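Read through the structure below, which is laid out as structure tokens, and then see the notes.
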Amino acid sequence: MAELLATLAQFKTYKSIPTANTKEDDSITQMLYASSEFVSQYCGRTFINFDEELIEYHDGSDRDKVHLNEFPIVDLLFEYSSDGGKTYTEATEFTEYFVGEDYITSGKLGLPLYNPTISHNAIKLTYTAGYEDLPLDLVQAVMDITEYFRTTQYNPKSSHAADMVERGNSDYNSTKLPSHILRVLSNYRRIV
């Protein structure tokens with residue numbers, strides 16, 4: 001099950017539902033989980049795994065930038081190999097590479113991040129990433145999706161949205177979501 005990107009308490013405050021009114025709590029919580037899962041799937045990332053160490057391997061190429069699967073990058077160790085991943089040497093930040101919010105770069109326009117002749121596991125990236133506190137616009141988008149599922153803006157008997165809420169199906173057709181939600185989510189999508 002996905003991590004909740006918005007809580008029941010936040011949603012009840014947003015919709016001015018009294019805390020004592022618990023009639024819909026289970027249903028709303030289920031929709032919040034489904035909405036959070038949808039957002040994670042749509043954006044291609046998890047958002048809040050900042051305490052979990054991640055490892056990615058990349059082949060050598062003539063690219064001067066590598067986008068990581070999770071971001072924002074919190075801490076990163078960049079190592080490179082000239083023997084296909086048997087041994088690695090630690091690279092020096094600000095000399096051999098620079099870290100952006102969701103990428104690392106050589107910092108030298110047109111120069112590769114690492115030797116393009118090494119084709120297998122030339123780069124090893126060990127990092128942590130994610131938000132300790134989620135951006136408010138992302139939390140708002142999750143609550144808006146939940147409200148969208150909860151209201152008559154869709155037909156629960158015939159829409160794909162109902163399938164997503166009831167069965168946790170993240171294949172929901174995102175083009176049916178209101179454009180203001182899609183605009184927010186586009187800011188957090190992983191670049192592939």
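Here are the numbers for the structure shown:
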{"quantity": "Segment 18-34 residues that are closer than 14 Å to Met143 by Cβ, paired with ones that are part of a loop (DSSP other than H, G, I, E, B) and of a type in the set (Phe, Trp, Tyr) (beta carbon under 9 Å, 6 or more apart)", "calculated": "Ala34/Tyr172"}
{"quantity": "Those residues of segment 75-119 which are over 30 Å from Cys43 (Cα atoms) and either modelled with pLDDT of 95 or more or assigned to a strand (DSSP E or B) (or both), in sequence order", "calculated": "Thr89, Glu90"}
{"quantity": "Hey, Glu93 farther than 29 Å from Leu138 by Cα, acidic (Asp, Glu) and surrounded by fewer than 15 Cβ atoms within 10 Å (Cβ to Cβ) or not", "calculated": "yes"}
{"quantity": "Scope segment 1-58; condition within 30 Å of Ile104 (Cα to Cα) and either among the aromatic types (Phe, Trp, Tyr) or surrounded by fewer than 13 Cβ atoms within 10 Å (Cβ to Cβ) (or both); matching residues", "calculated": "Phe38, Tyr42, Phe47, Phe50, Asp51, Glu52, Glu53, Ile55, Tyr57"}
{"quantity": "Qualifying positions in segment 52-74 - outside any strand (DSSP E or B) and aromatic (Phe, Trp, Tyr)", "calculated": "Phe71"}
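The values are calculated or read from the model by the stated rules, or taken from the named source; none is laboratory data. Given the structure is predicted, the values throughout are model-derived calculations rather than measurements. Cβ: placed from backbone, ideal geometry, glycine included. Neighbour counts: every protein chain shown.
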